[in-house]
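What follows is a single structure, written as structure tokens, with notes after it.
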Amino acid sequence: MADRTFAKFTFFKIDPAWRRRDDDLRAADKREFLAACEDFAVDRSLRAYSTIGTRGDVDLVLLTQSPRLDELHTFHVVLGQSGLARWAETPYSFLSMTKRSPYSAEGARPEICVSERKYLFLYPMVKQRRWYGLPEEERMRIMKSHIEVGRRYPEISINTSYSFGLDDQEFVVAFEGDDPGEFLDLVQELRPTESSAFTERETPIFTCVSMSARKALDALDGTAAVAAALG
Amino acid sequence: MADRTFAKFTFFKIDPAWRRRDDDLRAADKREFLAACEDFAVDRSLRAYSTIGTRGDVDLVLLTQSPRLDELHTFHVVLGQSGLARWAETPYSFLSMTKRSPYSAEGARPEICVSERKYLFLYPMVKQRRWYGLPEEERMRIMKSHIEVGRRYPEISINTSYSFGLDDQEFVVAFEGDDPGEFLDLVQELRPTESSAFTERETPIFTCVSMSARKALDALDGTAAVAAALG
Amino acid sequence: MADRTFAKFTFFKIDPAWRRRDDDLRAADKREFLAACEDFAVDRSLRAYSTIGTRGDVDLVLLTQSPRLDELHTFHVVLGQSGLARWAETPYSFLSMTKRSPYSAEGARPEICVSERKYLFLYPMVKQRRWYGLPEEERMRIMKSHIEVGRRYPEISINTSYSFGLDDQEFVVAFEGDDPGEFLDLVQELRPTESSAFTERETPIFTCVSMSARKALDALDGTAAVAAALG
Amino acid sequence: MADRTFAKFTFFKIDPAWRRRDDDLRAADKREFLAACEDFAVDRSLRAYSTIGTRGDVDLVLLTQSPRLDELHTFHVVLGQSGLARWAETPYSFLSMTKRSPYSAEGARPEICVSERKYLFLYPMVKQRRWYGLPEEERMRIMKSHIEVGRRYPEISINTSYSFGLDDQEFVVAFEGDDPGEFLDLVQELRPTESSAFTERETPIFTCVSMSARKALDALDGTAAVAAALG
Amino acid sequence: MADRTFAKFTFFKIDPAWRRRDDDLRAADKREFLAACEDFAVDRSLRAYSTIGTRGDVDLVLLTQSPRLDELHTFHVVLGQSGLARWAETPYSFLSMTKRSPYSAEGARPEICVSERKYLFLYPMVKQRRWYGLPEEERMRIMKSHIEVGRRYPEISINTSYSFGLDDQEFVVAFEGDDPGEFLDLVQELRPTESSAFTERETPIFTCVSMSARKALDALDGTAAVAAALG
């Protein structure tokens, strides 16, 4: 099981009152948050995404991965000490693990979301219980045809992790792509597939803009945008 | 695909405490917000709507459009720096794209909501999954009869954009009209149509009063109303 | 269509912190709110209701009516400038219009809720979609027998307005009566009727105590009750 | 109808910030709240319950009864003036009336919850609409067998009041007992009864510790517990 | 019935503003909270869990047990006086009791969650009403095969307590284990079992890190993590 990893998606919404603080205080608040991220990322996977302009209830998403759950606990303890965390809510949080898929020859992935694509399309999924009552071959057949539609979109990579018993959803599904329109077309094309009829829940859906943690933090109070405008 | 555009609906609710600030501070807060809007609108589409008097959970709606998603991200980063944003929540947010409709000969629209009509009637829509299991001709037949009812109301224009995989709803549906009573009658007349039975969700519904961004901002603290009273 | 009117129900919940303000500040806050109401009511319909003691999430309900939606928008802009509005949330809001009923010979009512009865029983209603799939004669038959039960309670008057496409509900239903026990009995007696089985949603239900805007405002901080106690 | 009474359940959650106030301010806040309660209770029924340690979203429940609804309105106006009310939210509120039950020979009760038992188990109930479509004899038969199970637990008394048309639920159901384990066993034993299958909603469920209003108020900031510890 | 116990799960979310307080004030706040815990634990069962890094809506979970409900009430009154409680919300709360299971020869457990395993996986459960309509032997047969799957995971211990009539759920289900991946596999393996199809609700699901109350409190502001980093 050494190749399984925990994948933790943490969603932050910054209190609008934080933007009323002085520039240097905000800079220090972000610096402390960033230091915690960089420290974790020295030998573990940390990815950052901004949802400003795509969602109203979330500003920043962190994806942290480790084969040890206590490392994720410790990271979030340290992060909670940072100045920015004192002004942040976490409206969503998904804890999941990778696992060998029954529909693929591949083993469990030791890390997910490793591409350099521009966007991450992310949602928690729960299947209807009647899905699990189908014979295994039946489920296999249905998933195969679902996967075939996906193959027609080679520029989009899928990352599925599992939350059974650990968190409210059964799966966390994350797609990486450069073209949101292409992903929209894929999802719409999947609607008439048989597997789609077994979905119980697949919202909220987050369109996340991939960027460095530093840039995602700067987007919170516009520092980066201003610098770019001056530059 | 150069003719597809992203359409982002952002809904603002202003903290009642903002109204307790001094007049000149509020004026500055609005000025900064307006500057960001005007800057974006130089060569891209931005429309503003007030929902004061029609909704209780939203005060102001912005519709921004661009074929590039990063431009919408950057706009919202800049907007977040404005004084007013420091006192605003965003209780709703819809991200969508235009797309060629299977029920029309028209291509994807490069811009939506371009009329000068007084009201925008706006809601997110999700169809029941069994809809997508129907044969294509069947769906075509059902939508045709739905569309025919709409044709009887030529003063009402429809703007549909798509959110599959990008946001929680499948469609964002926006109607433009001058007479809310006429739109009410149309929607009630559509209830017995076959297509209506396939709706899973179509709320919340927003009746939005179309106006310039400046007027929609002035409505937040009554400046415009006062000026009109003096004038 | 000159006889149709917009009916806007606005629900206010006052921040408990408002009650910590000084007496004279609270008096001024209420005075400004009342002035906006009285100004609107000069030549248009405005009714006020208190829900203190009947609901936990709402303190005050205003019903404003006008054949012009922009007048309702302007009224709420002006109201928002008042001191009290700076401490108020609007947890609910129903926008509706009157319309000729298919089950009655009467035309659209130019004004609703005109009686002097003591209580208003108010709720938003959505019917199941299968209702709209029934043949018109069938719906007519079912509604007739529903209406007959209501006729046995002549002391209760009904006011139905329509929200299709304008707001989240299909109907806003408002009953006026002097005896809540009698209304309770009527509603329970309606449960076994055929029409009742087609209800999708009919909550929240508000029992509203009818009174002048001045008295409803005084109920917010007990001024009236104190005066009565002294008197 | 002189023997029917209104029964109003009001649920309070105290802002954690209230506990940061000075001891004497908190004492005064509670004194004012208690004075309102004692005044009402001079010739009407008022009962108090603490939910500290049994619920997370409510601290204190008041049950006030009167045959006149305006008396309940006035009581809540006066209560709202007290210091404690300035720091309290009311997350739940149930308005109901007593009524003659069709399943019993007894008339409408002039007062409910009159026992000296230690606990009150309280929940709002809505039945499925198909229940009301059953013939009356059928409903009578089903309820009889439901009531028979209850008879096997003579130490538990039931108090049912009615909210049709007055509030969101159809019934408010309140059981009084000294032994929570016995009540748990009764409810579990009722699950396989026919009537149980017709329940649409019966949550939230509140386990309330019965005590004087003074003690329930003291439990809010631990004064009573401290006194007991010192004593 | 002397061997039954109440089991109370209390979930705390600390206001981000608490982290802005001075170090010594925070230390005192935690000390008072800990003192209440230690006092209770002298002769009763108290367990603490951190959910930092696993959930976004909860930071700390306390499980307190006593055969007397008034002791749990008094504990929460005392706890509410502590400095930390003045900055804490309780977004969830489960009240339950142990009880003899119909599917086991064992009696009611006098205490649950007694292992030294690293994690607690916890959720409230409600079964579909049709479950209770099955004949007893049928339910027995279905549960037996469910339990057999669990037996294949001997490193995971199950603790079920009952909430019928006392709180919103029917059961509180708590699993103890050292390996979250193993638990995830077990839950996924249970999905195709017959019993799984009778689940009405089983969320939210909490992955809780077991630790002393002192450590769980230190995780709130990172004191422990810092000490470890220095050590």
(request) Go through segment C:106-138 and flag every residue whose accessible area shrinks by 20 Å² or more with all protein chains in place compared to the isolated chain (probe 1.4 Å). (result) C:Tyr119, C:Arg129, C:Tyr132
(message) Can you give me the orientation-averaged projected area of the convex hull built on the Cα atoms of segment C:72-231, in nm²?
(response) 11.8
(request) Taking a label point 7 Å out from Cα toward Cβ, give me the nm distances from E:Glu155 to the same spot in the other copies, shortest first, one decimal. (result) 4.5, 4.5, 7.2, 7.2
(message) Taking a point 7 Å out from Cα toward Cβ as the label site, list the nm distances between B:Met140 and the same residue in every other copy, smallest first.
(response) 3.7, 3.7, 6.1, 6.1
(request) Calculate the mean, over all residues of peptide E:80-86, of how many other protein chain Cβ atoms lie within 10 angstrom of the residue's Cβ. (result) 5
(request) Report which residues of segment C:173-193 become buried by 10 Å² or more of accessible surface when going from the isolated chain to the complete set of protein chains (1.4 Å probe; DNA, RNA and ligands ignored). (result) C:Asp179, C:Pro180, C:Gly181, C:Phe183, C:Leu184, C:Asp185, C:Val187, C:Gln188, C:Arg191, C:Pro192
(message) From the protein chains alone at 1.4 Å, what is the descending order of accessible area for A:Ile147, C:Ile142, largest first?
(response) A:Ile147, C:Ile142
(request) Just check segment E:11-128 against the gyration tensor rule for me: Cα atoms, a ≥ b ≥ c as the square roots of the eigenvalues, rounded for a/c under 1.5, and otherwise prolate or oblate depending on whether a/b exceeds b/c. (result) prolate
(request) Take the alpha carbon atoms of segment B:170-222, find their center, do the same for segment C:13-45, and report the distance between the two centers in whole angstrom. (result) 31
(message) For the pair A:Ala28/B:Asp15, report the inter-label distance in nm, with labels modelled 7 Å from Cα in the Cβ direction.
(response) 2.1
(request) Using a 1.4 angstrom probe on heavy atoms only, work out the carbon and sulfur share of the accessible area of segment B:1-106 in %. (result) 50
(request) Run through the other copies and list how far each one's label point is from that of D:Arg129, in nm with one decimal, shortest first; the point sits 7 Å from Cα along Cα-Cβ. (result) 1.5, 1.5, 2.5, 2.5
(message) Apply the a/c threshold of 1.5 to the C-alpha gyration tensor of segment C:9-74 and tell me whether it is rounded, prolate or oblate.
(response) oblate
(message) If R₀ is 35 angstrom, what is the calculated FRET efficiency for the pair E:Arg151 and D:Arg201, using the beta carbon separation as r and rounding to 0.05?
(response) 0.45
(message) Need one number: nm distance between label points at B:Ala41 and A:Val114, each 7 Å from Cα along Cα→Cβ, rounded to one decimal.
(response) 4.8
(request) For segment C:14-52, list whatever residues lose no less than 30 Å² of accessible surface once every protein chain is in place, relative to that chain by itself, with the probe at 1.4 Å. (result) C:Pro16, C:Arg19, C:Arg20, C:Ile52
(message) Accessible area per residue for chain E in Å², computed with a 1.4 Å probe and the full protein assembly in place, what is it?
(response) 40
(message) Rounded, prolate or oblate, given the Cα gyration tensor of segment D:125-177, with a/c below 1.5 counting as rounded?
(response) oblate
(request) Positive end of the charge dipole of the protein assembly as shown (Lys, Arg +1 and Asp, Glu -1 on Cβ, about the Cα centre): tell me which of A:Tyr49, A:Tyr123, D:Gly53 has its Cα farthest that way. (result) A:Tyr123
(request) Describe numerically, in nm with one decimal, the distance between label points set 7 Å from Cα along Cα→Cβ at E:Tyr103 and at A:Glu194. (result) 3.1
(request) Using only the alpha carbons of the protein assembly as shown, determine the length spanned along each of the three principal axes and report them from longest to shortest in whole angstroms. (result) 76, 76, 59
(message) Show me the GluC sites (Glu not before Pro) within segment E:1-108 that DSSP assigns to loop and that have at most 14 other Cβ atoms within 10 Å of their Cβ.
(response) E:Glu106
(message) Given the rotation that superposes chain A on chain E, what residue of A brings its beta carbon nearest the axis, and what is the distance in Å?
(response) A:Ala17, 8
(request) Return the value, in Å² to the nearest 100, of accessible area buried between chains C and B (probe 1.4 Å, both sides summed). (result) 3100
(request) For segment B:136-206, give the percent of accessible area contributed by carbon and sulfur heavy atoms, probe 1.4 Å, rounded to a whole number. (result) 49
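The values are calculated or read from the model by the stated rules, or taken from the named source; none is laboratory data. Predicted, not measured: the structure shown is a model, and the values here were computed from it. Please note: Cβ atoms are built from the backbone with ideal geometry, for glycine as well, and neighbour counts cover all protein chains shown. These area figures cover heavy atoms from the full protein model, side chains too; ligands, DNA and RNA do not enter into them. Shrake-Rupley method; radii C 1.70, N 1.55, O 1.52, S 1.80 Å.
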